[in-house]
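K.L.:
Take this structure, written in structure tokens, and hold onto it; I'll ask about it next.
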Amino acid sequence: MGLAGLSAASADDEPEPASPGFFPIGKRKYFVWTGTEPKTSASKLKERYRALKAHGLTGVMLGGGIDEREFAMVREAGLELHTWMWTTNRADQWIRDHHPDWYQVSRSGKSCFDQPPYVDYYRWISPVIPGVQDYLSERVAELAQHEAVTGVHLDYVRYPDVILPRALWEHYHLDQTEEMADYDFCYSKHTRDAFKKVSGRDPLEIEHPDQDQEWLHFRYDSVTKLVKKLTKVAHGHGKVITAAVFPTPSQARKICRQDWDKWPLDGACPMIYHSFYNQPVSWIGDCMRENIQAASFPIYSGLYMPAFTKPEEFREAVKLIHRRGAAGASLFGGVGEEYWKVFEEEIRV
């Protein structure tokens, strides 16, 4: 192969277990991203999930790990349960105690172990490391083997943002017109050695890393290889696997080394959060056009509810994603009653 990109033949080249097929073509599905609420009373949780079902939702992307009580309530309400898992962004105490070397390192030498970029919870581990791949496979298996679970939903399955969405530059007092060394990852010894093995070069010695195709694709492919492995685990337990990804494949590669249209997913939820990019609602449709043309699996448009200033903007977005071929949507952030009314009207058109 012309690009290194972890291309050596391995178990990853074996046929994958068949997808359980929970996402039939032609039938739209709708979800919300939410988290477990162990302190909320059982009666309120039951009421909440019944209300979500009544609004027309198909299921929930539920973060917070395994919660037997809440899992049962989700399924009792007739909703699909997709466990929402942080993937390469991990602050797990076990990793911190036993494998600080797993954490990604910036081109300027800063480790996510103790000098994370942007925010304190950005604790990224390298997808190149076999131990990381095995560790994350175990986490997927723990979720997928639960009988209440419909599927595993991957989030933060990428590298740290080398370039932030445009609306965030001012917040962090940055101009990221060009890639900056503090935000360009991973230059850990593990990853550098892996790249040297397939290319004969040290990435720290690359003059223009943002233009070096071999180095760029090595990182794209390292995430793809990880996702392939996690997909096999989920499918092996008879569960589907989906992922929250950046707005389009082209933007994802540029922003966070995420080549998601190449992944063997059962569905993707591109986070088309237009306000993060200083874009109008119409941009959501533009993104969906690219996504449908690029991917070979169902696309569930991720919509950021706080970005809509009035219900009619939300209506425009839902109409757009339907027109552009979305298999449904996943909503993030609070949904007010006026917005639920619009949602119910539009999904029944």
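The values are calculated or read from the model by the stated rules, or taken from the named source; none is laboratory data. In this text the structure is predicted, and so the values were computed from the model without any measurement. Quick reminder, even Gly has a Cβ in these numbers, built from the backbone with ideal geometry, and neighbours come from all protein chains shown. Only protein heavy atoms, including side chains, enter the accessible area calculation; ligands, DNA and RNA are left aside. Shrake-Rupley method; radii C 1.70, N 1.55, O 1.52, S 1.80 Å.
K.L.:
Please work out the Cα center distance from region 78-125 to region 44-59, rounded to the nearest Å.
P.N.:
If we compute the Cα centre of each part, the gap is 32 Å.
K.L.:
Compute, for D175, the solvent-accessible surface of its heavy atoms (probe 1.4 Å) with the complete set of protein chains present, and express it in square angstrom to the nearest 10.
P.N.:
100
K.L.:
Turning to a different aspect of this structure: Compute the FRET efficiency between K44 and Q115 as 1/(1 + (r/R0)^6), taking r as their Cβ-Cβ distance and R0 = 51 Å, and round to the nearest 0.05.
P.N.:
Values: r = 41 Å, r/R0 = 0.80.
Once the sixth-power term is evaluated, E becomes 0.80.
K.L.:
If you count only protein heavy atoms and use a 1.4 Å probe, how large is the accessible surface of S43, to the nearest 10 Å²?
P.N.:
Here the residue's solvent-accessible area equals roughly 80 Å².
K.L.:
Determine which aspartates and glutamates satisfy two conditions relative to K53: a Cα distance under 19 Å, and not lying fewer than 8 residues away in the same chain.
P.N.:
Reachable aspartates and glutamates: E37, E70, E76, E80, E337, E338, E344, E345, E346.
K.L.:
Just to be sure I understand: of the beta bridges DSSP finds with both ends in the chain, what percent are antiparallel, rounded to 5?
P.N.:
Details: 4 of 38 bridges.
Rounded to the nearest five, the antiparallel share is 10 percent.
K.L.:
Under the rule of at least 5 residues apart or a separate chain, name every residue whose amide H is placed under 5 Å from the amide H of G328.
P.N.:
Close amide H contacts, sequence-distant or interchain: K29, S301.
K.L.:
Just add up the charged neighbours of I292: K/R +1, D/E -1, any other residue whose Cβ is under 12 Å from the Cβ of I292.
P.N.:
Working: positive: R289, R323, R324; negative: D261, D286, E290.
Summing Lys and Arg as +1 and Asp and Glu as -1 gives 0.
K.L.:
Within 10 Å, at most 14 other Cβ atoms, and a DSSP state outside H, G, I, E, B define an exposed site. Report the longest part of the chain free of exposed chymotrypsin sites (Phe, Trp or Tyr not before Pro).
P.N.:
Details: sites that count: Y121, Y172.
The reported range is 173-349.
K.L.:
Over 25 Å between Cα atoms: which of K319/K341; K27/K341; K189/K232; K29/K262 fall into that group?
P.N.:
Values: K319/K341 14 Å; K27/K341 21 Å; K189/K232 28 Å; K29/K262 22 Å.
Beyond 25 Å between Cα atoms: K189/K232.
K.L.:
Sort M288, M180, M271 by heavy-atom solvent-accessible area, probe 1.4 angstrom, most to least. Walk me through the intermediate numbers first.
P.N.:
Working: M288 0, M180 65, M271 35 Å².
Largest accessible area first, the residues go M180, M271, M288.
K.L.:
Quick one: Karplus J couplings for region 298-306, per residue in order, coefficients 6.51, -1.76, 1.60, θ = phi - 60°, nearest Hz, x for Gly and Pro?
P.N.:
Computed from phi, the couplings for region 298-306 are x, 10, 10, 4, x, 10, 9, 4, x Hz.
K.L.:
Another question about this same structure. Can you give me the C-alpha center-to-center distance between region 272-349 and region 188-204, rounded to a whole angstrom?
P.N.:
41
K.L.:
For region 25-160, what proportion of DSSP beta bridges, expressed in % and rounded to the nearest 5, is antiparallel? Numbers along the way, then the final one.
P.N.:
On the way: 3 of 18 bridges.
Among the beta bridges of region 25-160, antiparallel pairing accounts for roughly 15 percent.
K.L.:
About the Cα centre, and with charges only on the beta carbon of Lys, Arg (+1) and Asp, Glu (-1), how big is the dipole of the chain? Nearest 20 debye, please.
P.N.:
Working: 42 positive and 49 negative charges, 181 e Å.
With Lys and Arg at +1 and Asp and Glu at -1, about 860 debye.
K.L.:
Under the 0.36 nm per residue contour assumption, what length would be gained going from the current alpha-carbon distance of W94 and E207 to full extension? Walk me through the intermediate numbers first.
P.N.:
Numbers: separation 113, 0.36 × 113 = 40.68 nm, distance 3.62 nm.
Contour length minus Cα-Cα distance gives 37.1 nm.
K.L.:
Return the long-range amide H neighbours of S188 (sequence gap of 5 or more, or a different chain), with a cut-off of under 5 Å between placed amide H atoms.
P.N.:
V105
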